[in-house]
Amino acid sequence: MKKGRQLNFILIGRSGSGKGTQAELLMEHFGNLLHVVTGDLFRELAKKDTDVSRKVKKILDEGGLPFDDLATTLWMYYLAHNLKEDQGLICDGFPRRVREAENLDRFLEFLEREQDTYVLSIDISRQEAFDRLTKRRICKKCGQLIPWVGKFKELKACDKCGGELIYRHDDRPEAIKGRLDYYEESVVPTINYYEKQKRLIRINGEQSIEDVFK
């Protein structure tokens, strides 16, 4: 990546659409990208012993998402403390709500990055998302998320560290349904927000991992 021009990617899609997998491929291809996952930021917050943390944990366990100002605060704080001047950015799973999208737009304008930002919508059906989420696994040792697609279905142990593969505690059917309902209610309007601006690039997420990346 040339100094002075940082490529930035906003990945949007249903839970289980493969945003994390594609983010890793983008990082391998372009290099020097900061990968920010608001879901991870919320999960880290939920481990703390604070009043906010306990409320966040309850919301996550029920398949919901905390209010958008808190999401904005978390990713904005993280970017302010970690994003380097010559480093690109991958926004994985955020913004989710229109207000977050507007906040992110203003933040990218402040950083003078709006011209080199690409919004990618990885589209999969609700049923495909539900099937993937109920079957995907996570490494108990290193925390790598193992998607239920392609060659990953055959893994008996983590392909990075050999650790045991288990199911994630918040991938229960009722929690998954809550996340998918939330997508329809709150994320679809955000997709429409970017589409009206002619900034949205739609990708069929039900192809192979390699074809999605191409």
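The values are calculated or read from the model by the stated rules, or taken from the named source; none is laboratory data. Just so it is clear, the model here is predicted, and its values are computed rather than measured. Glycine gets a Cβ as well: all are built from the backbone with ideal geometry, and neighbour counts include every protein chain shown. When the accessible area is computed, the model is the full protein with side chains, heavy atoms only, and any ligands, DNA or RNA have been set aside. Shrake-Rupley method; radii C 1.70, N 1.55, O 1.52, S 1.80 Å.
Does Leu108 qualify as being under 30 Å from Tyr193 (Cα atoms), at pLDDT 90 or above and in a helix (DSSP H, G or I)?
Taking the combined requirement at face value, the residue satisfies it.
Here is a yes/no grid of residues against (1) open to solvent by 10 Å² or more (accessible area, probe 1.4 Å); (2) part of a helix (DSSP H, G or I); (3) at pLDDT 95 or above:
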{"position": "Trp75", "(1), (2), (3)": "no, yes, no"}
{"position": "Tyr78", "(1), (2), (3)": "yes, yes, no"}
{"position": "Leu89", "(1), (2), (3)": "no, no, yes"}
{"position": "Pro95", "(1), (2), (3)": "no, no, no"}
{"position": "Arg99", "(1), (2), (3)": "yes, yes, no"}
{"position": "Val119", "(1), (2), (3)": "no, no, yes"}
{"position": "Thr134", "(1), (2), (3)": "yes, yes, no"}
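Quick test for you: out of Gln87, Gln115, pick the one residue that is among the polar types (S, T, N, Q) and either in contact with a helix residue (DSSP H, G or I) (Cβ under 9 Å, 6 or more places away or on another chain) or without any contact (Cβ under 8 Å) to a residue 12 or more places away in the chain (or both).
The match here is Gln115.
Given the conditions (1) at pLDDT below 95; (2) open to solvent by 50 Å² or more (accessible area, probe 1.4 Å); (3) within 17 Å of Gly93 (Cα to Cα), and given that Lys153 satisfies all but one, which numbered condition is not satisfied?
All conditions are met except number (3).
I'd like to check something: does segment 168-177 contain any residue that is touching a strand residue (DSSP E or B) at 6+ places or on another chain (Cβ under 6 Å), without any contact (Cβ under 8 Å) to a residue 40 or more places away in the chain and farther than 17 Å from Ile124 by Cα?
yes
What's the number of the condition Tyr167 fails, among (1) at pLDDT 90 or above; (2) over 30 Å from Lys196 (Cα atoms)?
All conditions are met except number (1).
Take the conditions farther than 18 Å from Arg14 by Cβ, open to solvent by less than 40 Å² (accessible area, probe 1.4 Å) and either hydroxyl-bearing (Ser, Thr, Tyr) or touching a Cys at 6+ places or on another chain (Cβ under 8 Å) (or both) and apply them to Leu108. Does it pass?
no
For Ile146, which of the numbered conditions (1) out of contact with any Cys (no Cβ under 8 Å at 6 or more places or on another chain); (2) among the aliphatic types (A, V, I, L, M); (3) buried (at least 16 other Cβ atoms within 10 Å of the Cβ) fails to hold?
With (1) out of contact with any Cys (no Cβ under 8 Å at 6 or more places or on another chain); (2) among the aliphatic types (A, V, I, L, M); (3) buried (at least 16 other Cβ atoms within 10 Å of the Cβ) applied to Ile146, the lone miss is (1).
What do you reckon, is Thr72 within 30 Å of Leu25 (Cβ to Cβ) and not small (Gly, Ala, Ser)?
Judged against the criteria, Thr72 is a match.
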